[in-house]
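The next block holds one structure in the form of C-alpha cells; read it before the comments.
Values in this text are rule-based calculations from the coordinates and carry no lab data. None of the values given here were measured: they were computed from a predicted structure. Note that we place each Cβ from the backbone using ideal geometry, even for glycine, and neighbour counts take in every protein chain shown.
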Amino acid sequence: MMADKIKGVLDKNNQAISSGWTTVYNIDNLTNEFIGSSDEYLMVGVGLPALSTIDEPPAHQDGFAICRNSTGDGWEQIEDHRGETVYNTATLQSVVVQDIGAIDASLTLLAPATPYDAWNGSEWVTDSAALETAQIDAAVAQKSALISAANLKTQLWQTQLMLGIISDSDKSTLTTWMKYVQAVQAVDTTAAEITWPSVPD
C-alpha cells in the first residue's frame, strides 16, 4: 500500500527530487491504451519508466478504451469494438474487429437476416423476390438430389424386377421406395414451407 511507503516527490519534468514510491499508469506501446498501474520506487534524479505517466486515467466506460491522447498530455476515451463482428454494407461479408477506434462507415454492427439483404443507410432490407427465387432454386435442387439418391438405391432392384428374378422381400422394398419417389416428385417447390417425405428405412 502506498500509504505505508515513503512517497517520492517529482519535479515538473517528472524526475524524482526526493526518493520514494510513485504510482504510475502504464501505456501500451502500440495502442496507447491504459494497461494498468504499478508502484515504482524512484531514486533522486530518476524519471518515470518508459510508457508511463502519473496522470490517473478516468473511469472506464463500456464500449470504450482509455488511451493516451496524440499529444501525450492527457487521456481520452476511444470507441472499442474489438472482438465484435461487423458487416460490410456492400458485400455483406463479416469480419471481427481487431483494432481500437470507431467503425468505418462502410461497416455496421447489425447482421443481415439473409444473403439477399441490401443496406439502405440505416438498416438491412431483404430483397423478397431474390430470396423467393433462391429458395425455389434450392428446393428444386433438393428434389433432384433426393430422387437421384433414391434411383441409385433402387437401381439393382429395378434390374432384377425387369429380369423377373427379384425376391418378394426386395420387391416389397422397391415398392416402398417407388412410393417415396412419387411423394418427392409431388412436392411443390414453390411452397413457402416444405416438409420432405421421410426416407424409407
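Take Phe34 and decide whether it is more than 30 Å from Ala118 (Cα to Cα) and among the hydrophobic types (A, V, I, L, M, F, W, C). Judged against the criteria, Phe34 is a match. Residues in the stretch 72-81 that are part of a loop (DSSP other than H, G, I, E, B) and over 15 Å from the mean Cα position of the chain (by Cα): Gly72, Asp73, Gly74, Asp80. Residues of the stretch 9-36 that are of a type outside the set (Val, Ile, Thr), within 18 Å of His60 (Cβ to Cβ) and surrounded by 14 or more Cβ atoms within 10 Å (Cβ to Cβ): Tyr25, Asn26, Asp28, Asn32, Glu33, Phe34. Residue-level analysis places Leu109 outside the set of residues that are more than 30 Å from Ala191 (Cα to Cα), touching an Asp or Glu at 6+ places or on another chain (Cβ under 8 Å), surrounded by 12 or more Cβ atoms within 10 Å (Cβ to Cβ) and touching a residue at least 12 places away in the same chain (Cβ under 8 Å).
Quick grid of which residues meet (1) surrounded by fewer than 11 Cβ atoms within 10 Å (Cβ to Cβ); (2) touching a Phe, Trp or Tyr at 6+ places or on another chain (Cβ under 9 Å); (3) of a type outside the set (D, E, K, R):
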position: Ile103; (1), (2), (3): no, no, yes
position: Asp137; (1), (2), (3): no, no, no
position: Lys153; (1), (2), (3): no, yes, no
position: Gly164; (1), (2), (3): yes, no, yes
position: Ile194; (1), (2), (3): no, no, yes
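Tally up the residues in the stretch 29-50 that are in contact with a Lys or Arg (Cβ under 9 Å, 6 or more places away or on another chain) and without any contact (Cβ under 8 Å) to a residue 40 or more places away in the chain, please. Here the count works out to 3. In the stretch 33-62, of all residues being of a type in the set (Val, Ile, Thr) and in a loop (DSSP other than H, G, I, E, B), the one that is nearest to the chain's Cα centre (by Cα) corresponds to Ile54.
Could you tell me whether the stretch 18-25 includes any residue that is in a loop (DSSP other than H, G, I, E, B) and either in contact (Cβ under 8 Å) with a residue 40 or more places away in the chain or within 31 Å of the chain's Cα centre (by Cα) (or both)? No, the stretch 18-25 contains no residue that is in a loop (DSSP other than H, G, I, E, B) and either in contact (Cβ under 8 Å) with a residue 40 or more places away in the chain or within 31 Å of the chain's Cα centre (by Cα) (or both).
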